[in-house]
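The values are calculated or read from the model by the stated rules, or taken from the named source; none is laboratory data. None of these values were measured; they are calculated from a predicted model. Positions of Cβ are generated from backbone atoms using ideal geometry, with glycine treated the same way; all protein chains shown enter the neighbour counts.
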Amino acid sequence: MPTNLFLERTFDTPLSVADVHAHARESFWCYELYKVDWCGSFLSTDGRTMICSFVAPDAESARQALRHSGTDTRRLWAGTVHEAREPATRSPAPSTSSSSVPAMRALR
């Protein structure tokens, strides 16, 4: 059964969405070699903290792929994903600026 994995990272120099995509493109060959799927990332608005989500055959496959791509794996952990349930009545979502929430959609 595939394993859901999460990687927490922090950066001294802020990252942009373009930086995240560039790293993913550069690492794709390695992810493919170890059968690791990058599911997406959450990047903080200041660009200094990121949580990445992966699915892999096991944690060691993900560690190997991430190490080969130059990523520190000390904060890699296995976990479960829980989908939000649809509420019976939904109130309108608060308005967001174009630079905050849509960034996650851009990373998919």
Checklist line | Of the criteria (1) on the phi > 0 side of the Ramachandran plot; (2) touching a Phe, Trp or Tyr at 6+ places or on another chain (Cβ under 7 Å), which one Phe6 fails | finding: (1)
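Let's see how each residue does on (1) touching a Pro at 6+ places or on another chain (Cβ under 8 Å); (2) part of a loop (DSSP other than H, G, I, E, B); (3) at pLDDT 65 or above; (4) within 28 Å of Cys30 (Cβ to Cβ):
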{"residue": "Trp77", "(1), (2), (3), (4)": "no, no, yes, yes"}
{"residue": "Pro87", "(1), (2), (3), (4)": "no, yes, yes, no"}
{"residue": "Thr96", "(1), (2), (3), (4)": "yes, yes, no, no"}
{"residue": "Ser100", "(1), (2), (3), (4)": "no, yes, no, no"}
{"residue": "Ala103", "(1), (2), (3), (4)": "no, no, no, yes"}
{"residue": "Ala106", "(1), (2), (3), (4)": "no, no, no, yes"}
Margin query: Show the residue pairs meeting these rules: Cβ distance below 8 Å; 6+ apart or different chains; first residue within region 53-76 and in contact (Cβ under 8 Å) with a residue 40 or more places away in the chain and polar (S, T, N, Q); second residue surrounded by fewer than 17 Cβ atoms within 10 Å (Cβ to Cβ) and part of a loop (DSSP other than H, G, I, E, B).
Written below: Ser53/Val81
Margin query: Only one of Thr89, Thr49, Thr80 is under 13 Å from the mean Cα position of the chain (by Cα) and among the polar types (S, T, N, Q). Can you tell me which?
Written below: Thr49
Item checked: Residues satisfying the stated conditions in region 21-37, i.e. touching a helix residue (DSSP H, G or I) at 6+ places or on another chain (Cβ under 6 Å) and either of a type in the set (Val, Ile, Thr) or part of a strand (DSSP E or B) (or both) -> Val36
Margin query: Give me the residue from region 48-89 that is of a type in the set (Gly, Ala, Ser) and touching a helix residue (DSSP H, G or I) at 6+ places or on another chain (Cβ under 8 Å) and, out of that set, surrounded by the fewest Cβ atoms within 10 Å (Cβ to Cβ).
Written below: Ala78
Item checked: Residue satisfying all of: in region 5-40; charged (D, E, K, R) and more than 12 Å from the chain's Cα centre (by Cα); farthest from Gln64 (Cα to Cα) among these -> Asp12
